[in-house]
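Here the structure is laid out as structure tokens; the discussion comes afterwards.
The values are calculated or read from the model by the stated rules, or taken from the named source; none is laboratory data. Predicted, not measured: the structure shown is a model, and the values here were computed from it. Glycine gets a Cβ as well: all are built from the backbone with ideal geometry, and neighbour counts include every protein chain shown. Please note that ligands, DNA and RNA were not included when accessible areas were found on the heavy atoms of the full protein model with its side chains. Shrake-Rupley method; radii C 1.70, N 1.55, O 1.52, S 1.80 Å.
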Amino acid sequence: MAICQLCVEQPDIECDMRFHHTSVLFIKINLSLFVFWLAGCSYHYDQGQLLEAEKRWEESAIEYRLAFVEDPEDSDIIEALDRVNPKVAEENMTRYREYLAKQQYHKAFRRLEAAAALAPELQEAQDELKQWTRVLVAGKVLFTFERGHSEIGLAEQMQFQIWITNPVGETLKADIAYENGLFFTEDLLYRHTSMDFGRYSLDAIGLSVTRKAANNFDRQTFRKFINFRVIPPAQVSGSAEILSGAVQSVANHRSQFIKNTPEDAPWNPLGILRYQMTFANQRILVDTSAERLEFVPEALYINREQSRAFVDFGVYQVTLDSQTKWWHIQRKHYASRNDDYFYTLNNNLALNPYFFYKEGAFQYVLAPRSQE
């Protein structure tokens, strides 16, 4: 009979030889399986192969990427990714064209970016990327009011918002921060000229209120404090051609806005607003019977080389008149650098690519009235 080594080393311990040796054998077998798994067996790689055989390219690519995370130096996994990534890119391009035809621009752009990342050599994707421009829309809203909270006191959630209409007629909704009044949102435009970027306009400023309805679902309403009814110009004239080959910093341009001139009185916009715009000598001349500019941005920075634009709405003061219960709006002037919200926004490193311009920094001004 074989002698158990454990019994030899520790004779005071009773040993069930059959149980002991079976346990040792089980441990050895499992250790062998573990070593075999470490040697390169990958569940995700095997799943990727099965999905690839069924021509389920996107799903197989996901499995291969998971396998790559486990073993980034495995040549079989690398070859598999090289094999399926171009097919996934082609599928993304097909979906990109479909979304583009439906004018679902954000979904389209995500598919295009994915295709370009998966297959950098795909020329169609690279060419299409050049047709898109990322746009940052930003500004600041300050509120002044004494009353008006009682009617919204039972709301589950409240959020100040600003609504902005983009050049293709879509409404962009941006939350206004309670702490400092800042707002910003990003937009995407496809095959637009530099002058088209001037078409952004303010739609409304108000309060988004969420309450629980009787069926326990959330019911959201938007109470407009300021409501602009703007009819955009049929066309924008003038020229926004490149003036210099040098890329310049937005921060270096901000001193242009410091002024000590009196501000316009607070204004309650009523009725429909019509206007025309002309690009001329780094200015955007706005011809409107309202003789006010709160409904258009304060400045526009364009950098077509980097496919970026920054639409700056400046700083608004929104005030509730305690007697009339009407809300009024006015654009604030910057008496000093500290009044400019941009320097706070500039601390957001994720937005830094927007803060350079090449074509120009255009300021919106009232068009001179013709003397008749």
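Set side by side, the residues 129, 136 differ, and just one is among the aliphatic types (A, V, I, L, M), open to solvent by 40 Å² or more (accessible area, probe 1.4 Å) and within 28 Å of residue 313 (Cα to Cα), which is 129.
Please indicate, with yes or no, whether at least one residue in the stretch 83-100 is β-branched (Val, Ile, Thr) and under 28 Å from the mean Cα position of the chain (by Cα). Looking for residues that are β-branched (Val, Ile, Thr) and under 28 Å from the mean Cα position of the chain (by Cα), one finds at least one in the stretch 83-100, hence yes. For residue 113, the conditions (1) open to solvent by 10 Å² or more (accessible area, probe 1.4 Å); (2) farther than 24 Å from residue 353 by Cα; (3) touching a Leu at 6+ places or on another chain (Cβ under 8 Å); (4) not hydroxyl-bearing (Ser, Thr, Tyr) are fulfilled apart from (2). Checking each residue in the stretch 116-126 for being open to solvent by 70 Å² or more (accessible area, probe 1.4 Å) and part of a helix (DSSP H, G or I) picks out 117, 123, 124.
Yes or no, residue by residue, for (1) touching a residue at least 24 places away in the same chain (Cβ under 8 Å); (2) among the hydrophobic types (A, V, I, L, M, F, W, C); (3) loosely packed, with under 14 Cβ neighbours inside 10 Å; (4) out of contact with any strand residue (DSSP E or B) (no Cβ under 7 Å at 6 or more places or on another chain):
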{"site": "192", "(1), (2), (3), (4)": "yes, no, no, no"}
{"site": "197", "(1), (2), (3), (4)": "yes, yes, no, no"}
{"site": "213", "(1), (2), (3), (4)": "no, yes, yes, no"}
{"site": "228", "(1), (2), (3), (4)": "yes, yes, no, no"}
{"site": "232", "(1), (2), (3), (4)": "yes, no, no, no"}
{"site": "246", "(1), (2), (3), (4)": "yes, yes, yes, yes"}
{"site": "258", "(1), (2), (3), (4)": "yes, yes, yes, no"}
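Screening residue 263 with (1) under 30 Å from residue 358 (Cβ atoms); (2) modelled with pLDDT under 95; (3) acidic (Asp, Glu) gives one miss only, at (1).
Set side by side, the residues 285, 300 differ, and just one is over 17 Å from residue 330 (Cα atoms), modelled with pLDDT of 95 or more and touching a Ser or Thr at 6+ places or on another chain (Cβ under 6 Å), which is 285. Of the strands (runs of 3 or more DSSP E) lying entirely inside the stretch 305-372, those containing at least 2 residues that are more than 19 Å from residue 198 (Cβ to Cβ) are 308-320, 327-331. Is there any pair with a first residue in the stretch 61-84 that is within 9 Å of residue 44 (Cβ to Cβ) and in contact (Cβ under 8 Å) with a residue 40 or more places away in the chain and a second that is open to solvent by 70 Å² or more (accessible area, probe 1.4 Å) and among the charged types (D, E, K, R) whose Cβ atoms are under 6 Å apart and which are 6 or more apart or on different chains, and what are they? Sorted first by the residue in the stretch 61-84, then by its partner, the list stays empty. What residue, among those in the stretch 255-298 that are aromatic (Phe, Trp, Tyr) and in a strand (DSSP E or B), is farthest from residue 361 (Cα to Cα)? For the stretch 255-298, the residue satisfying everything is 267. Per the conditions (1) at pLDDT 90 or above; (2) within 23 Å of the chain's Cα centre (by Cα), the sole criterion not satisfied by residue 220 is (1). Only one of the numbered conditions (1) basic (Lys, Arg); (2) in contact with a Ser or Thr (Cβ under 8 Å, 6 or more places away or on another chain); (3) closer than 28 Å to residue 207 by Cα is not met by residue 325, and that is (2). Applying the criterion of being in a helix (DSSP H, G or I) and hydrophobic (A, V, I, L, M, F, W, C) to the residues of the stretch 41-61, the residue that is nearest to residue 73 (Cα to Cα) is 61.
For the subset of the stretch 159-190 comprising residues that are among the acidic types (Asp, Glu) and within 23 Å of residue 221 (Cβ to Cβ), which member is surrounded by the fewest Cβ atoms within 10 Å (Cβ to Cβ)?
Out of the qualifying residues, it is 170.
Taking the condition under 19 Å from residue 49 (Cα atoms) and either β-branched (Val, Ile, Thr) or surrounded by fewer than 20 Cβ atoms within 10 Å (Cβ to Cβ) (or both), does residue 81 pass? So residue 81 fits the description; yes.
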